[in-house]
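To start, the structure itself, in structure tokens.
Bear in mind these aren't lab numbers, they're just calculated from the coordinates by the rules spelled out. Keep in mind that this is a model prediction, so the values were computed, not measured. Glycine also receives a Cβ, built like all others from the backbone with ideal geometry; neighbour counts cover every protein chain displayed.
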Amino acid sequence: MSLVTYSLRVVISHLESRGLQHKISSGGGAIHGFYEHGCKVLLPNDYMLSVQTHPKIAGPAFAETALFRNNRMVWFHHSDVTRHHTPDDLFDHIALAEERANQPGPDNSDDEEE
């Protein structure tokens, strides 16, 4: 297993306790280091929630997330990116993203039978 930051360890522990699949992924870019700081939460219906905990990405917040479907960013709560100031804020957001991924609707229209 990769070396991960304390913040990411908190996130992974929560995901594993809920049985959610994830992949360690710090997103690349110009931020390199010895520790991984992000992950992708794999959700149903080709949804994926990117979680980043690095201060250069999340700023003063605990984490920053973005929801994707089929590798395209999906607007969620009137924004493309959401910052979470506490782990509990993040965990509530993960539950909402999981709920959205499981619901049929405009973003899931190709999942419905015609």
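With a Förster radius of 22 Å, plug the Cβ-Cβ distance of residue 96 and residue 56 into 1/(1 + (r/R0)^6) and report the FRET value to the nearest 0.05.
After rounding, the FRET efficiency stands at 0.30.
Taking the Cα-to-Cβ direction at residue 35 and at residue 85 and moving 7 Å from each Cα, how far apart do the two end points lie in nm?
2.3
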